[in-house]
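The values are calculated or read from the model by the stated rules, or taken from the named source; none is laboratory data. This one's a predicted model, so the numbers in the text were calculated from it and none came from an experiment. Neighbour counts are summed over all protein chains in view; Cβ atoms, including those assigned to glycine, are modelled from backbone coordinates with ideal geometry.
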Amino acid sequence: MWYWAFRSIFLVILKLFFKFKVEGLENLPQKSNFILAANHSSFMDGVVMGAAVPKMVYWITLRELYAVAALKWFFNKIGALPSGSASERAAYLLMHNKNIGIFPEGGISRKGELREFRRGMAMLAIKTGRPVVPCAIFGTFKALPFGNWIPKPVPIKVKIGHPQYLLKDFDDVVDDIEILEGLNRIRNSIKELLNAG
């Protein structure tokens, strides 16, 4: 209930002040749950992605933010998962038909450029067999770059790409090469979305 209430509020705010648009909603899997993976260049990105996708998504969130009481309350209400200990819980949710959201860079890009990805997203996709949906966020770096606290009313857009399966053959042992290949595939997909504009 809280998740949908907050989503509705953020969606209205984004449309009113940031001319918010979402492209590619038709690419979201309809017969499977999924992992959302997006670039990360602003504190606004979590709110933007939550508003963009009309399905409940359990977002993996930076653990340090839970030290702020108001943020901890908010994250608990929307079902966010603290980073660092989220992998088992995220895998459990994926295996029970829930959707997971992750920013594979592992933190905010202070220059707004796409950084290298961490292993967690590929590990989840390979171990659970769920598709990864690459997403590109535009405008949030200009609206609220790292270190700023008052957003500027600039247009914000999300582009949702085609889902990709990283699973080859189900195995309890995940090969490092397979993980690296998966990371590169999703990173390149997000990069292509960003370059296309």
Practice prompt. Enumerate the strands (runs of 3 or more DSSP E) found wholly within the stretch 18-77, keeping only those where 3 or more residues are of a type in the set (Asp, Glu), more than 23 Å from residue 88 (Cβ to Cβ) and under 10 Å from the mean Cα position of the chain (by Cα).
Written response: none
Discussion item. Name the residue that is surrounded by the most Cβ atoms within 10 Å (Cβ to Cβ), counting only residues in the stretch 83-96 that are farther than 21 Å from residue 47 by Cβ and in contact with a Ser or Thr (Cβ under 8 Å, 6 or more places away or on another chain).
Written reply: 94
Worksheet item: Would the stretch 147-155 turn up any residue that is more than 14 Å from the chain's Cα centre (by Cα), within 18 Å of residue 189 (Cα to Cα) and surrounded by 17 or more Cβ atoms within 10 Å (Cβ to Cβ)?
Response: no
Worksheet item: Which of the following residues is surrounded by 14 or more Cβ atoms within 10 Å (Cβ to Cβ) and among the acidic types (Asp, Glu): 178, 116?
Response: 178
Worksheet item: Got at least one residue in the stretch 44-65 being more than 18 Å from residue 3 (Cβ to Cβ) and either touching a residue at least 60 places away in the same chain (Cβ under 8 Å) or among the small types (Gly, Ala, Ser) (or both)?
Response: no
Worksheet item: Does residue 23 qualify as being under 29 Å from residue 126 (Cβ atoms), in contact (Cβ under 8 Å) with a residue 12 or more places away in the chain and surrounded by fewer than 18 Cβ atoms within 10 Å (Cβ to Cβ)?
Response: yes
Worksheet entry | Members of the stretch 119-164 found to be of a type in the set (A, V, I, L, M) and modelled with pLDDT under 95, listed by number | 121, 122, 123, 124, 125, 126, 150
Worksheet item: Looking at the stretch 165-173, is at least one residue of a type outside the set (Lys, Arg), modelled with pLDDT of 90 or more and under 22 Å from the mean Cα position of the chain (by Cα)?
Response: yes
Worksheet item: Where in the stretch 98-185 are there strands (runs of 3 or more DSSP E), lying fully within it, with 2 or more residues that are not hydrophobic (A, V, I, L, M, F, W, C)?
Response: 99-102, 157-160
